Structure formats: structure tokens, C-alpha cells
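Please read the structure below before turning to the comments.
What follows is calculated from the coordinates using simple rules that are stated; it is not laboratory data. Values in this document were obtained by computation on a predicted structure and should not be read as measured data. Glycine gets a Cβ as well: all are built from the backbone with ideal geometry, and neighbour counts include every protein chain shown.
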Amino acid sequence: MAFSFDKFLGPVDDSLLLRARRSEILASNLANEDTPGYQAKDIDFKAAMSDAMGNSSEFKRGTLKMATSNEKHIQTSQNRFSADIMYRNPYQPSLDGNTVETGIEKTEFSENSVHYTASLRFLTGKFKGLTKAIKGQ
């Protein structure tokens, strides 16, 4: 009987990759808060996960569809979710054209970190359960 990690893990590994990518984008926004003309970016997590899973309205396990130009290409989080990056509309635009609002970026970064940690703990729990099953405990 074959064991599939994709079925066992479900969408958790994809959510970790997407959360890590979002952390990079939000950190970039914070690093460029004083750069004139910089446009704040973000990812709509729900829409990106739905697209990554291969459907736009439902969240189903095991239906991951990856778009590549060649079936032998390896996907990374950098290029895998890059099409889902959007620009943030500022509440108070600055005179220099920068749309980064530090308070909002810090809040989004903190929230994303909490979700990343929760997903990581969930994944750790799944592997602990698998380890117990293998050992027969």
C-alpha cells in the first residue's frame, strides 16, 4: 500500500509556502516605507490558496494544480505565487507617491506570522502522529 504525503499533509505545506512568501512581501513593504514612489504590495491569501488548489470557489484536498511551462520544472514559492501579488490602496496617500502605511503593514505582518506559526504547529502535530503510528505507540 502506497503512502502519499500530499494526501496526508493536505494543503498545509502549500499554506506555509504562501505565508512565507507573504512575509517576504510585507517585510519588503516595511523596508521601503521611506522610498518615494514605492507601491505597497500584498497577497490575498484565500484567493491565492484557492487558485493554488485548482479551484476558485471551493477548498478541496488533493487537487493541487501547478502551472509550469514544462512538466519537468521545479516549483518554488518565489515564482509559484508571484501572479497573485496585488498593490495595496492606501487610506492616507503620501505626497511622494509611497503607499506604505507602517501601522497596517506591521499589523498584517504580525497576523501573517501568527497564522504561519499555527500552520507550522499543525504540521508538526501531524508528523508526531505519523511517527507514533510508525513506532506502533
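Can you give me the long-range amide H partners of VAL100? Hydrogens built in the peptide plane at 1.01 Å from N, cutoff under 5 Å, separation of 5 or more residues or another chain.
Amide H neighbours of VAL100, under 5 Å, 5+ apart: ALA40.
Please give the peptides 103-112, 14-23, 120-129 ranked by average Cβ packing (other Cβ atoms within 10 Å per residue), highest first, as a rough proxy for protection.
Those peptides, ordered most packed to least, come out 14-23, 103-112, 120-129.
With a 10 Å Cβ neighbour count serving as the proxy for reagent exposure, in which order, fewest first, do ILE85, ILE134, ILE25 appear? Before the final figure, lay out the partial values.
On the way: ILE85 14, ILE134 8, ILE25 20.
Ascending Cβ contact count within 10 Å gives the list ILE134, ILE85, ILE25.
With the cut-off at 27 Å, tell me which of the pairs LYS7/LYS128; LYS46/LYS126; LYS41/LYS126; LYS7/LYS135 have Cα atoms farther apart than that.
Violating the 27 Å limit, Cα to Cα: LYS41/LYS126.
Using the Cβ atoms and a cut-off under 9 Å, what net charge is assigned to the surroundings of ARG22, where Lys and Arg are +1 and Asp and Glu are -1?
-1
With a sphere of radius 13 Å drawn around the Cβ of VAL100, what net charge do the other residues whose Cβ falls strictly inside it have (Lys, Arg +1; Asp, Glu -1)? Mind showing how you got there, number by number?
Working: positive: LYS41, ARG88, LYS106; negative: GLU33, ASP34, ASP42, ASP96, GLU101, GLU105, GLU108.
Within the 13 Å Cβ shell, the charges total -4.
Taking R0 as 30 Å, what FRET efficiency do you get between LYS106 and ASP51 from their Cβ-Cβ distance, rounded to the nearest 0.05?
0.65
Could you go through the range 16-26 in sequence order and give the Karplus-derived ³J(HN,Hα) for each residue, using 6.51 cos²θ - 1.76 cosθ + 1.60 with θ = phi - 60°, rounded to whole Hz, and x for Gly and Pro?
5, 4, 5, 5, 5, 5, 5, 4, 4, 5, 5
So, counting K/R as plus one and D/E as minus one, what does the shell of residues with Cβ under 13 Å around GLN39 add up to?
Within the 13 Å Cβ shell, the charges total -3.
Under the Karplus relation 6.51 cos²θ - 1.76 cosθ + 1.60, θ = phi - 60°, what is the ordered set of whole-Hz ³J(HN,Hα) values for the range 108-117, x standing for Gly and Pro?
The phi angles translate into 5, 5, 5, 4, 5, 5, 5, 5, 4, 4 Hz.
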